[in-house]
2 protein chains.
Amino acid sequence: MRTPKGIKRLVDILASLPGIGPRQAIRLAFHLIRQGEGFQRELEDSVRDLRSAKICSQCFYVHENKDSLCDICNDDTRDKSIIAIVEKETDLMSIENTGKFRGRYLVLGELGRGGMLEADQKLKLKSLKSWISKSLSGRAREVVVAFNPTPQSDFITNQIAKELESFVDKVTRLGIGIPSSGEIEFADDETLGGAIEGRG
Amino acid sequence: MRTPKGIKRLVDILASLPGIGPRQAIRLAFHLIRQGEGFQRELEDSVRDLRSAKICSQCFYVHENKDSLCDICNDDTRDKSIIAIVEKETDLMSIENTGKFRGRYLVLGELGRGGMLEADQKLKLKSLKSWISKSLSGRAREVVVAFNPTPQSDFITNQIAKELESFVDKVTRLGIGIPSSGEIEFADDETLGGAIEGRG
């Protein structure tokens, strides 16, 4: 399918975004044309507004504060000796919504397909280690590696555990089990096995 | 999941786009933040460039010409007495790519769930009828209703056929049949039945 010249650039940009394929990119571009100038300006302005968003220098979550730390890292009531490592900002948001976690985070970025930590992820772990050295006198109480449970993420979790070995008392993972309101009958072996091991 | 204040507006706009849900909208917004200012400016500029795109006053496809007609409607070598009615611009592009159609188009817009033509679709048909009256002395040779074959689109095709009755010699639809390289064994009854009827 040839793309009309005038929208080619936008289509290429849209198609480079995660979860948007080339066909959807073309349809989105046509949709934006039909929406007209008012809507297009709204979109431009709201993208421009992103410039006020900053990345927290400590946990790499997003914030708009004057200093370099996000609201969570700035919050003195939180127990910073417990650190949850998440892949994505949305995972952090989901965990925050439970109200069950009062530690700090590290947003590591999405795990690659290769089952290995990427260069920028290694840098983030390194910055965590130096933070633990400086702020927790070299030892955190717990690191919760909160990844989607897959064989691949297990592998990376092990790498992280090894990496942090001398900086933390224990490395834990999210509990595997039957989802609330889920049915035992439909759970796979891995899930049900996890639920039995994590019973209590 | 609460959305951080600063990206709320962009998330709302993204989530209003076709095929993008609220969760993907949040993930896209975070992605755009991470991409940084250069990428954000690219996106803004390419959205701004859409302003030069115009909608053809005759077929409602997109163009960037000085007058009000798209390249296809401007092309004198095409047989305008045959009109293909398509839902989406991308359907037009797909048909153009086959090189098998040398008529003109009418981009009707996506069919609603209700199985009825919407107000702006009726206006487009009305403009087609007055164009036929003026440019073809009141009668087109053929209207090809090129919708995805579904029971619902059949219903709307019938409405269109009735609407255009006195303006066109015949109303046709795309042939239903086995996709090229497809297998008879896996075709549903509707498809295989269409292939038998359309044999030749």
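The values are calculated or read from the model by the stated rules, or taken from the named source; none is laboratory data. Since the model is a prediction, treat every value here as computed from it, not as a measurement. Positions of Cβ are backbone-derived with ideal geometry, glycine not excepted, and every protein chain shown enters the neighbour counts. These accessible areas exclude ligands, DNA and RNA; they are computed on the full protein's heavy atoms, side chains included. Shrake-Rupley method; radii C 1.70, N 1.55, O 1.52, S 1.80 Å.
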Accessible-area ranking of A:Ile156, B:Ile82, largest first, probe 1.4 Å: B:Ile82, A:Ile156
Antiparallel DSSP beta bridges within segment B:7-147, percent to nearest 5: 20
Taking the convex hull of Cα positions in segment B:32-131, its mean projected area over all directions (nm²): 9.2
Dipole axis of chain B (+1 Lys, Arg; -1 Asp, Glu on Cβ), positive-most option in B:Leu50, B:Cys73, B:Ala140: B:Leu50
Of A:Lys54/A:Lys100; B:Lys129/B:Lys170; A:Lys100/A:Lys126; A:Lys100/A:Lys162; A:Lys80/A:Lys124; A:Lys100/A:Lys129, those spanning more than 20 Å from alpha-carbon to alpha-carbon: A:Lys54/A:Lys100; A:Lys100/A:Lys126; A:Lys100/A:Lys162; A:Lys100/A:Lys129
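What do you reckon, how do B:Arg199, A:Arg9 stack up by accessible area (1.4 Å probe), largest on top? Spell out each step's value before the answer.
On the way: B:Arg199 175, A:Arg9 85 Å².
The ranking, largest first, comes out as B:Arg199, A:Arg9.
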Using alpha-carbon coordinates, inclination of helix B:89-98 to the longest axis of chain B, degrees: 60
Calculated SAXS-style log₁₀ I(q)/I(0) at q = 0.14, 0.16, 0.18 Å⁻¹ - segment A:20-85, Debye, Cα scatterers: -0.65, -0.72, -0.77
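For n ≥ 4 DSSP H runs only, could you compute -39500 (n - 2.57) per run for chain A, divide by its residues and tell me the 222 nm figure to the nearest 500? Can you show the working numbers first?
Details: 8 runs with 89 residues, N = 200.
Helices in chain A give a 222 nm mean residue ellipticity of -13500 deg cm²/dmol.
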Prolate/oblate/rounded call for the protein assembly as shown, Cα gyration tensor, a/c under 1.5 rounded: prolate
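Leaving out ligands, DNA and RNA, and with a 1.4 Å probe, what % of the accessible surface on segment B:11-64 is carbon or sulfur? Please list the in-between numbers first.
Details: 1140 of 2260 Å².
Its accessible area is 50 percent carbon and sulfur atoms.
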Rg over Rh [alpha-carbon atoms, Kirkwood Rh] for chain A: 1.05
Rounded accessible area per residue of chain A, 1.4 Å, Å²: 55
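From the mean inverse distance of alpha carbon pairs (Kirkwood) and the Cα radius of gyration, derive Rg over Rh for segment A:144-194.
On the way: Rg = 13.3 Å, Rh = 12.4 Å.
Rg/Rh for segment A:144-194 comes to 1.08.
Dipole of chain B, Cα-centred, from +1 at each Lys and Arg C-beta and -1 at each Asp and Glu C-beta, to the nearest 20 debye?
Values: 30 positive and 30 negative charges, 177 e Å.
Here the size comes out at about 860 debye.
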Projected area averaged over orientations for segment B:75-183, convex hull of C-alpha atoms, nm²: 7.4
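Once you keep just the Cα pairs under 8 angstrom separated by 6 or more residues, what percentage relative contact order results for chain B?
About 13 percent, as a whole number.
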Fraction of accessible area attributable to carbon and sulfur, segment A:95-194 (%, probe 1.4 Å): 52
In degrees, nearest ten, helix B:151-164 long axis to first principal axis of chain B (Cα): 60
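Dipole of segment A:5-52, Cα-centred, from +1 at each Lys and Arg C-beta and -1 at each Asp and Glu C-beta, to the nearest 20 debye?
Working: 9 positive and 6 negative charges, 58 e Å.
Around 280 debye, computed over segment A:5-52.
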Among B:Phe101, B:Phe30, B:Phe186, residue whose mean-square fluctuation peaks in a GNM of chain B (springs only between Cα atoms under 10 Å): B:Phe30
Nearest-first distances (nm) between copies at A:Gly38, label 7 Å from Cα via Cβ: 3.7
Label 7 Å beyond Cα on the Cβ vector: A:Ser16 copy-to-copy distances, nm: 2.6
Chain pair B, A: total accessible area buried, heavy atoms, 1.4 Å probe, Å²: 5100
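State the antiparallel share, in %, of DSSP beta bridges confined to the protein assembly as shown, rounding to the nearest 5.
Values: 4 of 32 bridges.
Among the beta bridges of the protein assembly as shown, antiparallel pairing accounts for roughly 10 percent.
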0 to 90° range, to nearest 10: angle between helix B:22-49 axis and chain B longest Cα axis: 80
Long-range amide H partners of B:Thr172 with built H, under 5 Å: B:Val143, B:Val144, B:Val145
